[in-house]
Amino acid sequence: MQNIATVKDIVLYGLLIILCILELTAYPMTLKLQNTRYPLGSIEFIRINKLKGNLACVFHWGSYAAWKLYPNIYIAEDGRYEEVYPNKIHAQVMNFNFQLNNNWFDLIKTHHTDIILLDKKNKSYKALLLPGSRKKWKAVFEDELSVVFLPADKIPKSLIYPKVIDYDKIVEDKYVTSIDFMK
């Protein structure tokens, strides 16, 4: 009886493993980045222009920005906010992104910022378009979802604007970074 149960288990688990392998080969796992959820065009703009420095961006885009723009960009915050960033920084980033109170611009005032990347739906984006803010920050690129702002007095003379953003190519190159794992 014990031998029958063992054979049954081997056959059952063997079939399960074979089905999983067939499933993975028939439908390989892929990561689909959507330009309606991630600032693919804006990150590509920053990358191809080799912009460097401190980036203030929507916190849930921070990890993607850090991955694609390393080593040229330092981000204000990313998804590791509970483990890595002080509560004060997290509060400033959230306030900057969502204008929780009148001190929404404190992040930029207290921490040197070279680039701002904002979601077009956020109040901060609309506030940066106001005449007073426009004197200090200028929108230099936008895609369907996001806008890149640079200090008005530090905009490079020649910027490269991607004519057609090939989102499939960006997704295809999702693991291509400047990180050298062999060091």
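Regarding segment 170-177, can at least one residue be identified that is more than 20 Å from the chain's Cα centre (by Cα), at pLDDT below 90 and surrounded by fewer than 19 Cβ atoms within 10 Å (Cβ to Cβ)?
No, segment 170-177 contains no residue that is more than 20 Å from the chain's Cα centre (by Cα), at pLDDT below 90 and surrounded by fewer than 19 Cβ atoms within 10 Å (Cβ to Cβ).
Output the residues belonging to segment 127-154 that are within 10 Å of Leu117 (Cα to Cα) and free of Cβ contacts under 8 Å to residues at least 60 places away in the same chain.
Listed by number, the residues that qualify are Ala139, Phe149.
Quick one: how many residues across segment 111-139 are in a loop (DSSP other than H, G, I, E, B), farther than 13 Å from Val58 by Cβ, of a type in the set (S, T, N, Q) and at pLDDT below 90?
Final tally of qualifying residues: 0.
Can you tell me which condition Leu16 does not meet? The list is (1) under 26 Å from Pro151 (Cα atoms); (2) free of Cβ contacts under 8 Å to residues at least 12 places away in the same chain; (3) of a type in the set (A, V, I, L, M), and all the others hold.
(1)
Just to verify a result, which residue in segment 78-120, among those that are of a type in the set (Asp, Glu) and out of contact with any Leu (no Cβ under 9 Å at 6 or more places or on another chain), is surrounded by the fewest Cβ atoms within 10 Å (Cβ to Cβ)?
Glu83
Testing Asn72 on (1) among the polar types (S, T, N, Q); (2) closer than 20 Å to Ile155 by Cβ; (3) buried (at least 19 other Cβ atoms within 10 Å of the Cβ), one condition comes back false. Which one is that?
Only one criterion is unmet by Asn72, namely (3).
Among the helices (runs of 4 or more DSSP H) contained in segment 15-110, which hold 2 or more residues that are of a type in the set (Ser, Thr, Tyr)?
Result: 62-69.
The values are calculated or read from the model by the stated rules, or taken from the named source; none is laboratory data. These numbers come from a predicted model, not from an experiment. Quick reminder, even Gly has a Cβ in these numbers, built from the backbone with ideal geometry, and neighbours come from all protein chains shown.
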